[in-house]
Structures are given as C-alpha cells and as structure tokens.
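This report refers to the structure that appears directly beneath it.
The values are calculated or read from the model by the stated rules, or taken from the named source; none is laboratory data. Here the structure is a predicted model, which means the values were calculated and not measured. All Cβ positions, even for glycine, are placed from backbone atoms using ideal geometry, and neighbour counts span all protein chains on display.
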Amino acid sequence: MSQPPSTAVAWRRDLHVHPEVGFTEFRTASRVAGRLADLGWDVRTGADALDPGARLGVPDDDVLEAAFAAAAGDGSWAGDDRHLADMRGGRTAVVATLDSGRPGRHVALRADTDALPILESADAGHPPVAGGFRSTRDGVMHACGHDGHVGMAVELAERLTADPPDGRVTILLQPAEEGGRGAAAMVPAGVVDDVDVLLAAHLGIGLASRTVAAAVDGLLANTKLRAVFHGRAAHAAMAPHEGRSALLAAAAATLAVHTMPPFPGHETRVAVGALHGGTVSNVVPDRATMLLETRADAGGVNEEIARRVRVALEGAAATYGGTVTVEAIGTVTTATGDPEASAAVAEAARATGLEVVVPTADLGVASDDATAFMRRVQSRGGVATYLAIGSDLAGPHHTPGFDVDESVLGPGVDLLERAVRALTA
Ligand SMILES: [Zn+2]
Ligand SMILES: [Zn+2]
C-alpha cells in the first residue's frame with residue numbers, strides 16, 4: 001500500500017496542474033485563502049493585502065478577466081468563491097495570520113504563488129508527465145518551484161494550527177514574483193510593518209536535495225523595462241526617405257545595450273529578451289516594442305546600468321529620427337540577511353537532519369523581490385533572511401523540463417516549522 005501524499009505534495013501537484021502567471025493567481029490565491037481561513041487564521045486579501053496602484057507590469061484587462069472567469073467557473077479550475085471577488089483585477093495577494101494570544105514575536109514567511117509563461121515538457125520521462133500532474137494550461141507552467149513553496153506553506157499552516165507557537169505567525173502569499181512585481185505592491189499595504197522576523201525560502205537554486213543555505217546574500221538587483229519606439233510609416237520603396245524606422249532604431253538599440261562595458265568587481269547582466277516591430281515588408285515600421293532587463297550585485301550599479309540603457313535607447317531612437325518611451329515594469333533590490341535569523345534557520349536545518357552549506361557565487365545570478373519585504377522589515381528594526389532549500393532538479397529553473405524533488409518538501413516543512421517555533425519564542 002502506498003501512502004497518500006502529504007499536504008505539501010498534494011497541494012503542489014494540484015497547483016502544478018493549474019499554473020497561473022503573475023497577478024492572475026485567482027485560483028491559487030483564493031484556494032489558499034480559503035484553506036487558511038478554514039483553519040482559523042485571520043485572512044486579508046484584495047486591497048488589504050496589496051496596494052493595487054503600486055503594482056508594476058500588470059497584465060492587460062482582457063488577460064486578467066479571462067483568468068478570473070476561469071477561476072469563477074466550475075470544474076477543476078474553480079477558485080474559492082469566498083475570496084475570489086476581492087481579487088478581481090489582479091489583486092491576488094493573501095496575508096494570513098495565526099495569533100496565539102500569548103506574548104512572543106511576529107514571524108512572517110513569504111511564499112510566492114506565480115507560474116511562468118513556458119510550455120511544459122511532454123516527454124514521458126518528465127516527472128509531472130510520468131506522475132500524471134503535467135500542466136493543463138498550455139504555455140504556462142510552474143518552472144521555478146513556487147508550487148512547492150505554496151504546498152509547504154499550507155502544510156506548515158496546518159501544523160502550526162494544531163499547536164500554535166507563541167506570538168504571531170503570518171504567511172505572505174505573494175503574487176508575481178517573476179518579473180519582480182508583487183512584493184513591491186504588498187509592502188505599501190503595510191503587511192510587514194509589525195513583523196519582527198521575516199523568512200523567505202526558495203527551493204532549488206543550485207543546491208542539492210538535503211542541503212540548505214541559511215542565507216543567500218548574492219541576490220542581484222534588477223530592473224525590467226518596456227521600451228516602445230515610435231517612428232513614421234512610409235512606403236518602403238516609393239518614399240523610404242519619408243519614413244522613420246522604429247524597427248531599425250530598436251535593432252540598433254539592442255546591439256548598443258548588449259555592448260555595454262562590464263563593471264570590474266561586480267556581477268552584472270543586461271539582456272534584451274523580446275523585440276517586436278513592423279507589420280509587412282513594404283511599409284517602414286512606425287512602432288517597435290522591446291522588453292529588456294538589467295541586473296547587478298549592487299543596487300547603485302544596477303541603477304547606473306539602467307540609466308545608461310535608457311540613454312542608449314534614446315540615442316538609437318534619435319539616430320533614426322524617432323522617439324522612445326521607456327517604462328519600468330519590474331524592479332528588485334538587493335538585501336542582506338541578518339545573522340540572528342540565518343542562525344535560527346541553520347539550527348533548524350541541522351535538527352531536521354539537513355546539511356547546512358554556504359551558497360556559492362553561482363547562486364548570485366538570481367534575483368527575488370522578497371528583498372523588498374526584507375528591507376522593509378529591517379528598516380523597522382526587525383531581522384530577515386533569504387534561505388534556499390536544496391532540491392535536485394529535473395531540469396534548470398525557467399525551462400520546460402524543470403521539476404522539483406518532491407521528497408524535499410516534507411523536510412522543508414520540518415525546517416520551517418522548527419525555525420518559526422524558535423523565532424517566535
Ligand atoms: Zn523564477
Ligand atoms: Zn522563483
């Protein structure tokens with residue numbers, strides 16, 4: 001007889017089948033809100049959990065409405081009706097608190113909820129295919145492990161409910177981590193203003209199963225931009241001199257961005273990830289759009305790179321007689337963990353039988369907007385750490401063959417439970 005899956009595994013498989021991209025996590029967020037409310041936690045959603053005006057990179061209304069309609073319908077995509085209406089329009093954050101009523105500290109755990117716009121592998125050997133829990137939404141998949149984060153958070157909530165620790169525990173279910181968009185909208189809603197200790201955990205990121213990094217401080221700052229180049233349309237053969245090609249400007253800008261000099265002593269990245277322009281072969285394109293990003297291991301360096309990128313975009317636009325509008329659609333800062341919080345995590349990991357490792361430099365190319373929560377908590381006198389729970393991966397993060405090792409979820413909850421109980425006391 002095989003054992004039924006644990007709460008963490010059951011939830012993560014269900015979410016893997018039903019992935020939702022940033023700010024459309026209606027099913028995911030409403031179901032978790034419902035479960036935690038049923039457990040007796042105080043649940044805040046909608047504008048109480050996130051400032052709608054502070055969101056960056058919000059999908060278009062038709063995308064939001066289509067996703068909402070799926071969650072408002074029947075069948076396996078249905079969300080929890082009690083919490084859905086509050087989330088309409090992409091207000092998909094959930095803040096749930098368990099208050100023991102006894103003295104103690106307020107410990108918060110961040111769990112991100114969003115999936116990625118990636119078509120999941122259909123290979124027979126891909127674990128979700130073999131296990132019967134491949135994504136059923138074509139072109140969207142949990143390719144970063146956030147399904148596992150939510151699964152662990154729900155199981156942790158069940159365990160804490162059964163035996164509440166001193167003080168208070170809050171679980172922050174954050175939308176739109178990918179792209180660095182969700183945390184920055186939750187912070188202004190005040191959701192971590194009275195938090196004493198903040199923990200943000202991520203599965204995988206280069207660490208093997210049964211290992212834990214109690215502090216990952218090499219997270220990169222990043223800025224994500226959308227640039228729209230404007231030119232003037234003209235007949236490409238009869239009046240090319242009257243045209244101003246937005247496409248040529250964008251192409252030149254792409255090369256300029258990718259030939260920025262490195263900053264000695266710093267990890268930096270620039271990337272143009274998408275470029276669209278023009279309509280047909282015989283018209284000078286009057287519009288081109290570009291999605292690009294910059295990253296660096298220091299906030300000031302990232303800001304300087306982003307500034308130079310904007311100059312390059314404007315220069316290329318001017319060269320071809322056009323203009324460009326540049327909009328920030330995501331931003332992530334750096335943060336450094338506090339020894340008190342990371343020591344508690346390391347202790348909890350050892351007690352769980354996991355090996356505590358020091359993260360290596362190659363973890364440093366990642367970014368996570370949990371740093372916005374960390375900085376807010378630290379600025380108000382609290383402590384924080386970003387920890388990595390190791391997981392052997394079926395394929396790299398953000399690729400069609402990605403999957404986490406489910407056997408690490410149970411020990412992951414053990415670790416988080418121990419850390420929360422130690423830190424609330
Ligand atoms: Zn990711
Ligand atoms: Zn992630």
Flag for ALA213 being assigned by TED's automatic domain parsing to the domain that holds PRO411, under 30 Å from THR113 (Cβ atoms) and touching a Pro at 6+ places or on another chain (Cβ under 6 Å)
yes
Give the stretch 389-401 a look and list any residue that's touching a helix residue (DSSP H, G or I) at 6+ places or on another chain (Cβ under 7 Å) and within 14 Å of ligand 1 (Cβ to nearest atom), or say none.
SER391
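Out of GLY395, GLY322, report the one residue that is more than 22 Å from ALA8 (Cβ to Cβ), small (Gly, Ala, Ser), touching a Phe, Trp or Tyr at 6+ places or on another chain (Cβ under 9 Å) and at pLDDT 95 or above.
On the way: GLY395 fails: more than 22 Å from ALA8 (Cβ to Cβ).
Unique residue meeting the criteria: GLY322.
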Considering only the stretch 1-100, give the helices (runs of 4 or more DSSP H) lying wholly within it that have at least 3 residues that are free of Cβ contacts under 8 Å to residues at least 24 places away in the same chain.
61-72
Check off (1) without any contact (Cβ under 8 Å) to a residue 24 or more places away in the chain; (2) within 16 Å of ligand 2 (Cβ to nearest atom); (3) not small (Gly, Ala, Ser) for HIS241 and give me the number that stays unchecked.
(2)
I need a count of the residues in the stretch 261-281 that are over 17 Å from VAL324 (Cβ atoms) and in contact (Cβ under 8 Å) with a residue 24 or more places away in the chain.
6
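When you check ALA215 against the structure, is it of a type outside the set (Phe, Trp, Tyr) and closer than 29 Å to ALA271 by Cβ, yes or no?
Numbers: of a type outside the set (Phe, Trp, Tyr): yes; closer than 29 Å to ALA271 by Cβ: yes.
Judged against the criteria, ALA215 is a match.
Of the residues LEU198, LEU203, LEU156, LEU160, only one is within 16 Å of ligand 1 (Cβ to nearest atom) and assigned by TED's automatic domain parsing to the domain that holds ALA366; which?
Residue meeting the stated conditions: LEU203.
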Could you identify the single residue in GLY167, GLY190 that is more than 16 Å from VAL43 (Cα to Cα) and away from ligand 2 (no atom under 14 Å from the Cβ)?
GLY167
One residue from SER407, SER379, SER367 being in the same structural domain as VAL212 (by TED's automatic domain parsing) and within 16 Å of ligand 1 (Cβ to nearest atom):
SER367
Please state which of the following conditions THR170 fails to meet, knowing it meets all the rest: (1) away from ligand 1 (no atom under 16 Å from the Cβ); (2) buried (at least 24 other Cβ atoms within 10 Å of the Cβ); (3) of a type outside the set (Lys, Arg).
(2)
Identify, from the list ALA153, ALA108, ALA143, ALA115, the residue that is aliphatic (A, V, I, L, M) and more than 16 Å from ligand 2 (Cβ to nearest atom).
ALA108
